[in-house]
Amino acid sequence: NAGVMQNPRHLVRRRGQEARLRCSPMKGHSHVYWYRQLPEEGLKFMVYLQKENIIDESGMPKERFSAEFPKEGPSILRIQQVVRGDSAAYFCASSPLRNSPLHFGNGTRLTVT
Amino acid sequence: QKEVEQDPGPLSVPEGAIVSLNCTYSNSAFQYFMWYRQYSRKGPELLMYTYSSGNKEDGRFTAQVDKSSKYISLFIRDSQPSDSATYLCAMNENTGNQFYFGTGTSLTVIP
């Protein structure tokens, strides 16, 4: 059973460009979470989705950031007009049930130049 | 005050030592407690998952939860160089939407 798959592993964008990060959850998992990790700051919650629905996006900046988890296909975290401060590792995690432990992918490392 | 506090270390121990990693938290509504191991450039990997106070053992790992003190611990017995990683504690509420993570403790086991 494949784990959580994230791509790309590394993404370089210039300021003002768009970044699209993709996440395929583990088979049978319908709950998807996105977290951002910065050195010395740990994992910060961004958004929680359950198939086609955004359940909680309280950790996501109101502007430029959006997330979706369509009925078919991977979950997408989209960052428009990236700025240097968006440089970080973005992790996706999935679980089969609410409150079940999260299973993480290996992340996408975004660098904004 | 952060929801979850964790000493960042770094912690350096000789091979075979017993390691103790700890987290404290402020939210008494937290019900589920987890420990993750994260190697450099990788995603966090689930090690232990516990619900309510008490101990849970899995091989060389023991997770301990003390809800009255809002304190959780992970013990690693007979530590190995392959245990060298960052260890993250995590927790959430029964009705919560997000998992709260500590900042992680960096551990090095010296052969």
Test for B:THR50: is it modelled with pLDDT of 95 or more and hydroxyl-bearing (Ser, Thr, Tyr) = no
Pairs returned, first residue in region B:75-103 that is over 16 Å from A:ASP56 (Cβ atoms), second residue that is in a helix (DSSP H, G or I), beta-carbon separation under 8 angstrom, 6 or more apart or interchain, are B:ILE76/B:ASP83
Please tell me if B:SER68 is outside any helix (DSSP H, G or I), open to solvent by less than 50 Å² (accessible area, probe 1.4 Å) and not charged (D, E, K, R).
-> no
Count of residues meeting criterion [touching a Phe, Trp or Tyr at 6+ places or on another chain (Cβ under 9 Å) and either of a type in the set (Gly, Ala, Ser) or under 17 Å from B:TYR87 (Cβ atoms) (or both)] in region B:58-72 | 8
Please find, among B:ILE72, B:ILE110, the residue that is farther than 15 Å from B:GLN6 by Cα and aliphatic (A, V, I, L, M).
-> B:ILE110
Looking at this structure, is A:ARG15 open to solvent by 40 Å² or more (accessible area, probe 1.4 Å), more than 9 Å from every other protein chain (Cβ to nearest Cβ) and part of a loop (DSSP other than H, G, I, E, B)?
-> yes
Residue check, B:ALA63 small (Gly, Ala, Ser) and touching a Ser or Thr at 6+ places or on another chain (Cβ under 8 Å) = yes
Residues B:LEU74, B:LEU47, B:LEU88, B:LEU21: which one is touching a Pro at 6+ places or on another chain (Cβ under 7 Å) and closer than 25 Å to A:SER95 by Cβ?
-> B:LEU88
Before we move on, is B:GLU15 open to solvent by 70 Å² or more (accessible area, probe 1.4 Å) and touching a helix residue (DSSP H, G or I) at 6+ places or on another chain (Cβ under 7 Å)?
-> yes
Looking only at region A:78-113, which residues are open to solvent by less than 60 Å² (accessible area, probe 1.4 Å), part of a loop (DSSP other than H, G, I, E, B), at the interface with another protein chain (Cβ under 9 Å from one of its Cβ atoms) and on the phi < 0 side of the Ramachandran plot?
-> A:SER100, A:PRO101, A:LEU102, A:GLY105, A:ASN106
Qualifying residue in region A:50-63 (condition: within 14 Å of chain B (Cβ to nearest Cβ), in contact (Cβ under 8 Å) with a residue 60 or more places away in the chain and within 22 Å of B:GLY102 (Cα to Cα)) = no
Search region B:38-50 for residues being within 9 Å of chain A (Cβ to nearest Cβ) and over 14 Å from the mean Cα position of the chain (by Cα), and hand back the single one that is surrounded by the fewest Cβ atoms within 10 Å (Cβ to Cβ).
-> B:ARG41
When A:MET26 is evaluated against the numbered criteria (1) hydrophobic (A, V, I, L, M, F, W, C); (2) within 29 Å of B:GLU5 (Cβ to Cβ); (3) within 14 Å of another protein chain (Cβ to nearest Cβ), which criterion, by number, is the only one it fails?
-> (2)
Just one of the numbered conditions (1) surrounded by 14 or more Cβ atoms within 10 Å (Cβ to Cβ); (2) out of contact with any Asp or Glu (no Cβ under 8 Å at 6 or more places or on another chain) is not true of B:GLU57; which one?
-> (1)
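The values are calculated or read from the model by the stated rules, or taken from the named source; none is laboratory data. Because the structure is a prediction, the values reported are computed rather than measured. We place every Cβ from the backbone using ideal geometry, glycine too, and count neighbours over all the protein chains shown. These accessible areas exclude ligands, DNA and RNA; they are computed on the full protein's heavy atoms, side chains included. Shrake-Rupley method; radii C 1.70, N 1.55, O 1.52, S 1.80 Å.
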